[in-house]
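Notes follow the structure.
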Amino acid sequence: MDEHPKPYPALPNHPLRAQIVSELHARPFDSIESPIRATHLAMHGGDANLERAHVAALCQRYGLPGPISEATYLSEDLGPYRVRWERHTEFSTYTFFVPGAPADQSRPFADPALQRLPADWLEGLPGKLVAATHLTLCADAERERQIPTITAVFGHDNVAGSLVADGLAGVYTDFRQQPDGHTLLLIDDHGLAPRRAGRLVQRLLEIETYRLMALLALPLARAATLRLTELDTQLESITQEMTERGGLEDEQRLLDQISDLSAGLERTVAANSFRLSAARAYHALVNRRIDNLREERLPELQTIGEFLERRFSPAMRTCESVNNRQEALSRRVSRAANLLRTRVDVALEAQNRDLLASMNRRTDLQLRLQQTVEGLSVVVLSYYGSGLLAYLYKGAHAAGAPINVDLAMGLSIPVVVLSVWLGIRIMRRRLLRRDSH
């Protein structure tokens, strides 16, 4: 075997090859060892450059450079805590990890990681807060927490919990906003490997983030429902008027109304379509993350999937129904507009047909009148022509020419009439040929 193989020939790379190859490794899971506390924030609507600069400013406080230009991800150990920043399409997440358990084991959320952050840096975070979660990963915890213990941690017993990761972890949460604006997520480690613990924490935080991002569409969907009801009522009224026989002016008026209705519907669809489509995508991500948990039921507790199925899924179905209703109403408006345009076109064609028939009748009358005028013109011109010939014959007779004036006039009249008639016909044909050219 050749110990020094020949180098491969250089092949031309696609300009996006490096980007698409590295995409699967762009945001790796962190390795997490319990016990650990974390605070997760999701900020919506921030500028990517401002976020990148803001993260860099935090890193520089600890003597580190921060993210590189155009970066959308950073995971850096700053000493007192680890920061993980991810830039998504329309939001960014910031997760801060502090190793160790809180001093009071009975109060796992008493000392959240967020308290380690500089207050002035937190106040300057770009965007608006959507999701905020305090997470605690406990080591060597009991396999199944008792209901009194859970009630003491969350302050009530309306908690979702399950065993996940093949029974190597217990997860508890109530998805309820606490007085400080954060939700709580408790994880009991029963033997998770660091990489697996990192994947579990990331999935649970993504469930909370994607859940709230999906729910951003719910207020818009509820407002759109009222607007769609108004538009539906207007369309029903227009359709009812269409069934009643009316003139062309009424149909044109209805066509103007349905055009205004279509414009209003398009404005509503344009205002809601992105948010509703995003909600559908986020809902699918939440379901996928829940499936990846592979939950096992704990006694007296509903699983996270069951908890979300009770309220989150109906909200998503509401958004989906509004989206479907928009599409259905758009199709109905389009059909009604096409029908009305067809009726207007038919009415206009009938009107044009009647107009053409009237013009044909007028043309026939004009032709007949023209023929009548031509006949009278032949008579008149023949009369005047005969009169001129009569003066000619009389003058010649008075000059001594042997002409019988009456006989000459009688013979000349047919010739004059025929000549005038032929002259008018020749003139009319020349005019027709000139008009045709």
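With the chain treated as a Gaussian network of Cα nodes joined by springs under 10 Å, which of E320, E241, E206 yields the largest mean-square fluctuation? Residue with maximal mean-square fluctuation among E320, E241, E206: E241. Considering the values (i) 0.99; (ii) 2.07; (iii) 1.32, which represents Cα Rg over 2.2 N^0.38 Å as calculated for the structure under consideration? Computed from the coordinates, Cα Rg over 2.2 N^0.38 Å corresponds to (ii).
Give me the net charge of L356's neighbourhood, meaning all other residues with Cβ under 15 Å from the Cβ of L356; Lys, Arg count +1, Asp, Glu -1.
Values: positive: R353, R361, R362; negative: E349, D354, D364.
So the surrounding residues net to 0.
When you restrict to C-alpha pairs under 8 Å that are six or more residues apart and normalise by the size of the stretch 25-193, the relative contact order lands at 25 percent. Taking other residues whose beta carbon is less than 12 angstrom from the beta carbon of A328, and scoring Lys, Arg as +1 and Asp, Glu as -1, yields +2. Could you please state, rounded to a whole Å, how far the C-alpha centre of the stretch 193-220 is from the C-alpha centre of the stretch 154-173? Computed from Cα coordinates, the inter-centre distance equals 15 Å.
Neighbour counts of other C-beta atoms within 10 Å: give me L185, L122 arranged from fewest to most.
L122, L185
For the stretch 397-402, 3J(HN,Hα) computed residue by residue from phi via the Karplus equation (6.51, -1.76, 1.60; θ = phi - 60°) reads 5, 5, 7, x, 6, x Hz, glycine and proline entered as x.
When both the stretch 57-90 and the stretch 394-431 are represented by their alpha-carbon centers, they are found 117 Å apart.
Per-residue Karplus couplings for the stretch 415-425, computed as 6.51 cos²θ - 1.76 cosθ + 1.60 with θ equal to phi - 60°, are listed in order as 5, 5, 4, 5, 5, 5, 5, 5, x, 5, 5 Hz, Gly and Pro entered as x.
Here is the list for the stretch 33-134: chymotrypsin sites (Phe, Trp or Tyr not before Pro) lying in DSSP coil, each with at most 16 other C-beta atoms within 10 angstrom of its C-beta, are Y62. A run of the chain free of exposed loop cleavage sites, with trypsin sites (Lys or Arg not before Pro) counted only in DSSP states other than H, G, I, E and B and at most 13 other beta carbons within 10 Å, reaches its longest extent at 295-437.
Bear in mind that the values in this text are calculations on the coordinates, not laboratory data. Only a predicted model underlies this, so the values are computations on that prediction, with no experimental measurement involved. Glycine also receives a Cβ, built like all others from the backbone with ideal geometry; neighbour counts cover every protein chain displayed.
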